[in-house]
Amino acid sequence: MSDIAVAAPAPSRLRRGAVRALKAVAPFAVLAIAWQTASLFFPPILFPSLGDIAKNILTILTTWDMLSQGLITFARMMFAVMLSLLIGVPIGLAMGLWRGADDFLRPIIKFIMGVPALNWVIIVVIWFSNVELRIAFVLVMLCVPITAFCVYDGVRSIDRKLTDMVLSFGASRAQYIRLLLWPFVKSFAFTATKLNIGNAVRTVIVAELVGASFGIGRELDLAKNVFDMAMVLAWTLIMVAVAIMMTHGVEALERIVLRWRGDHHDRT
Amino acid sequence: MSEQSPVKIRVEKAKKSFIQKSGGAVEAIRELTFDVADNEYVAIVGPTGAGKSVLFDCLLGLKSLDGGRITIDGEPVEKFIRKKGRIARIFQEDRLLPWLTATDNVALGLQIQGVPEAERRERAREWLRAVGLGTFTEALPSEMSGGMRQRTNIARAFATGPEIILLDEAFSALDEITAMRLRSDFRALARRQKMTFLIVTHSIDEAIYLGTRILVFGAPARLVHQIAVPEGASDSPAEVDRIRSEIRHWISVSGRDASTAA
Ligand SMILES: Nc1ncnc2c1ncn2[C@@H]1O[C@H](COP(=O)(O)OP(=O)(O)OP(=O)(O)O)[C@@H](O)[C@H]1O
Ligand SMILES: [Mg+2]
């Protein structure tokens, strides 16, 4: 199989590249065509044309007043994801390292994990008057359990043999954490961050509906009031694109920080 | 030889058992007594599960005995290891940290000792050169062959300048040609450094080649027999044959013993 691939002349390799590119865009192309076809038969309030959506995206990107709303929302997301790392990593480490911490913290984390996002929104409205605090609180509550459990799994999956090796050299507890545990657990923190970006982008708007006077949530609310479906979709596409870009950003950082892991996937 | 040199390691009536999760007790070490002289090279052979690795854990202070005692230089193990880097272990698998370069892996023990970065990296590079990896100082473990990783592992053990090195089947996972070269390199380094080492091995030839004395263990760990290996014995086929059959005899005796005890 691989022999054939190596021997393959350049043109056919080019064709394979084209086929792969086609495969990547095909699902979206089909979706777009279906949407565009639907827009011919339904009113724009239900299925606005792709052109309209594109125009709205352009408007958002070129109007500072609107663009800034988007940036505010993404800043809130980033802040919440980072804060969840700061809170979740120590919790996960403690759970992984000490039985007592695990026994105590696990039920709490599980409990928090079971609370639906919308319930948090209602709770924070009653608890806090500051809008930023409300949003941050909701997002952090949704993200911290994921970080904690990922890091916990990381600690538990450390090779016992490496632990023995480090201890054989007389490492103290602090040295063990610094030299073995943390470098190892880092990759799990990256996984948690990627999961939380998806988590945050899916819930940030819900959190913003608690009365934020800035942000994408408000923009969507305005668009909803005038049944501007094209605008709703434009914001939606932008949010998806930003989530993907943020994930790629984290992955790029991961490749630098965890260079030793190399590239697992054969991309040739 | 062991009569003239001072005693380095003394194991006296050591006992160690484990309570398993199922509730049953497993005896790992049963009344083990032996001495190791300073600069002596002791090879330990014995059946699997005889508590040899557990003995090494106890020598490193990672596990404590249930009874008896182990002293090094006349002081209890716990006291001896308080100054880090005096005793090192070479494992069967290389156990390198995958995110560190060869240099940083070799420097690990020094780092734990608190040696400043520039100095420990310099010493690590020297040791990499000593084991023939002078051009691979910045390679990651994933970029090295099994033999190269094991060389790095050996360099790491020597780097802290230990008085004692414990080798737990350090060459068993390698192909025979690589193992042969590493054994002779190891022996040369150990002689140069003036040190004591204990090697656990399943290879009788390896025991004869590296050891100045061979201890035959029974299971659970206890001394069944010991044989002095005369200087240059590994070069004389007749000597090797004699020692080999003597060890075989005692292993088979200890094996029967273990099976009747079980
Ligand atoms: N942490 C532990 N908990 C329970 N039992 C243990 C533990 N460590 C070792 N044992 C038991 O102690 C006995 C001796 O184990 P050890 O690893 O020292 O054997 P060994 O002589 O090194 O064998 P091998 O030649 O196969 O490496 C075994 O029966 C093992 O199951
Ligand atoms: Mg063993």
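The values are calculated or read from the model by the stated rules, or taken from the named source; none is laboratory data. Remember, it's a predicted structure, so these values are computed and weren't measured experimentally. When we count neighbours, we look across all protein chains shown, and the Cβ atoms used for this are built from the backbone with ideal geometry, even at glycine. For accessibility, only protein heavy atoms count, side chains too; no ligands or nucleic acids. Shrake-Rupley method; radii C 1.70, N 1.55, O 1.52, S 1.80 Å.
Observations
Yes/no per residue for (1) surrounded by 19 or more Cβ atoms within 10 Å (Cβ to Cβ); (2) within 18 Å of the chain's Cα centre (by Cα); (3) among the acidic types (Asp, Glu):
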residue: B:49; (1), (2), (3): no, yes, no
residue: B:52; (1), (2), (3): yes, yes, no
residue: B:71; (1), (2), (3): no, yes, no
residue: B:80; (1), (2), (3): yes, yes, no
residue: B:94; (1), (2), (3): yes, yes, yes
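- Subset of the range B:10-26 that is surrounded by fewer than 17 Cβ atoms within 10 Å (Cβ to Cβ) and within 16 Å of ligand 2 (Cβ to nearest atom) - its residue that is nearest to the other protein chains (Cβ to nearest Cβ): B:18
- Exactly one residue among A:138, A:131 is out of contact with any helix residue (DSSP H, G or I) (no Cβ under 8 Å at 6 or more places or on another chain), touching a residue at least 12 places away in the same chain (Cβ under 8 Å) and not polar (S, T, N, Q), and that residue is A:131.
- Pairs with Cβ under 8 Å, 6+ apart, first in the range B:91-114 and more than 9 Å from every other protein chain (Cβ to nearest Cβ), second among the aromatic types (Phe, Trp, Tyr) and open to solvent by 10 Å² or more (accessible area, probe 1.4 Å): B:102/B:136; B:106/B:127
- Selected residue (only one of B:183, B:149, B:121, B:156 is more than 14 Å from chain A (Cβ to nearest Cβ) and under 30 Å from residue B:49 (Cα atoms)): B:183
- Options B:196, B:212, B:201: the member that is within 16 Å of ligand 1 (Cβ to nearest atom) and under 18 Å from the mean Cα position of the chain (by Cα): B:201
- Under the condition of being in contact (Cβ under 8 Å) with a residue 60 or more places away in the chain, open to solvent by 30 Å² or more (accessible area, probe 1.4 Å) and under 30 Å from residue A:123 (Cβ atoms), the residues counted in the range A:206-245 number 6.
- Options B:163, B:119: the member that is farther than 29 Å from residue A:258 by Cβ and not hydrophobic (A, V, I, L, M, F, W, C): B:163
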